[in-house]
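The block underneath contains the structure these notes are about, expressed in structure tokens.
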Amino acid sequence: ALSWNVRMMLRHNPEGTTAGIGDGGLFGDGGLLEKVGLARAQIGAARVEPNRVTAPIALEPGEQTNDDVAKALARIASALDLPTSAVRYTPDPGSARRGDLVIVPEDMLAEVVEWEGPSNLGGSIAEPLVIGRYDDGAPLLLWLPGDPDAGRNSTHVLIAGGTGSGKGDTALNVLTEILSRKDVIVAFSDP
């Protein structure tokens with residue numbers, strides 16, 4: 001239901017542009033972006049997934065920057081009655097006024113979730129390892145071999161953390177995931 005409400009807040013008007021100040025649209029008169037100080041920003045077509053809403057933002061040229069959105073994230077979370085960690089902004093590296101607003105309504109990591117076991121028993125090490133979940137429920141993938149066609153370098157893994165943080169269990173889960181593949185040889189050292 002929250003994803004639907006967020007999508008309704010981010011929808012377009014029939015002319016294909018988002019509403020702004022004074023045009024009576026959802027983001028205009030008392031809308032979300034006006035409340036958080038980004039009234040002249042334009043929201044593109046929102047991509048709604050089961051536990052994530054991603055909406056591209058174009059800010060007012062010469063008046064707003066990506067820093068303004070970053071400063072407004074806590075107010076956006078407050079307006080949506082979500083924790084601050086549920087609202088993120090990824091600026092476009094090629095623009096000082098464009099980026100993606102990402103809203104994750106339910107933190108799926110709030111409760112402990114046990115590892116589901118090997119994700120591709122008997123598969124190839126060339127396929128990604130599923131070593132966990134992100135807070136929106138999407139799988140956390142780890143690609144070990146490089147792939148020049150995909151522009152991906154080979155990967156090294158370091159598991160670090162304080163005493164009792166779960167390094168050993170994580171290492172065993174990753175090792176089990178690797179050993180479940182048919183085309184690997186593992187040399188393991190734990191100094």
*Among residues of segment 50-69, those that are open to solvent by less than 60 Å² (accessible area, probe 1.4 Å), part of a loop (DSSP other than H, G, I, E, B) and in contact (Cβ under 8 Å) with a residue 60 or more places away in the chain, counted*: 1
*Just one of K167, K182 is at pLDDT below 90 and either loosely packed, with under 15 Cβ neighbours inside 10 Å or among the aliphatic types (A, V, I, L, M) (or both); which is it?*
K167
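Confirm whether V174 is open to solvent by less than 30 Å² (accessible area, probe 1.4 Å), in contact with a strand residue (DSSP E or B) (Cβ under 8 Å, 6 or more places away or on another chain) and over 20 Å from N51 (Cα atoms).
Values: open to solvent by less than 30 Å² (accessible area, probe 1.4 Å): yes; in contact with a strand residue (DSSP E or B) (Cβ under 8 Å, 6 or more places away or on another chain): yes; over 20 Å from N51 (Cα atoms): yes.
Taking the combined requirement at face value, the residue satisfies it.
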*What pairs come up if the first residue lies in segment 71-88 and is within 14 Å of A55 (Cβ to Cβ) and open to solvent by 20 Å² or more (accessible area, probe 1.4 Å), the second is part of a strand (DSSP E or B) and not aliphatic (A, V, I, L, M), and their beta carbons are under 7 Å apart, counting only those six or more places apart or on different chains?*
L73/Y89
_So for segment 33-49 (the condition being among the acidic types (D, E), open to solvent by 60 Å² or more (accessible area, probe 1.4 Å), at pLDDT 90 or above and over 21 Å from the mean Cα position of the chain (by Cα)), does at least one residue qualify?_
no
*Any idea how many residues of segment 127-154 are open to solvent by less than 50 Å² (accessible area, probe 1.4 Å) and either under 17 Å from L179 (Cβ atoms) or of a type in the set (K, R) (or both)?*
6
*Please state which one of T170, T90 is at negative phi and in a helix (DSSP H, G or I).*
T170
*Is it true that S165 is farther than 30 Å from Q64 by Cβ, in contact with a Pro (Cβ under 7 Å, 6 or more places away or on another chain) and either part of a loop (DSSP other than H, G, I, E, B) or of a type outside the set (V, I, T) (or both)?*
no
*Would you mention how many residues in segment 173-191 are assigned to a loop (DSSP other than H, G, I, E, B) and either within 24 Å of the chain's Cα centre (by Cα) or in contact (Cβ under 8 Å) with a residue 24 or more places away in the chain (or both)?*
5
*Would you mention how many residues in segment 91-126 are open to solvent by 80 Å² or more (accessible area, probe 1.4 Å) and modelled with pLDDT of 90 or more?*
3
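The values are calculated or read from the model by the stated rules, or taken from the named source; none is laboratory data. Given the structure is predicted, the values throughout are model-derived calculations rather than measurements. Cβ: placed from backbone, ideal geometry, glycine included. Neighbour counts: every protein chain shown. When the accessible area is computed, the model is the full protein with side chains, heavy atoms only, and any ligands, DNA or RNA have been set aside. Shrake-Rupley method; radii C 1.70, N 1.55, O 1.52, S 1.80 Å.
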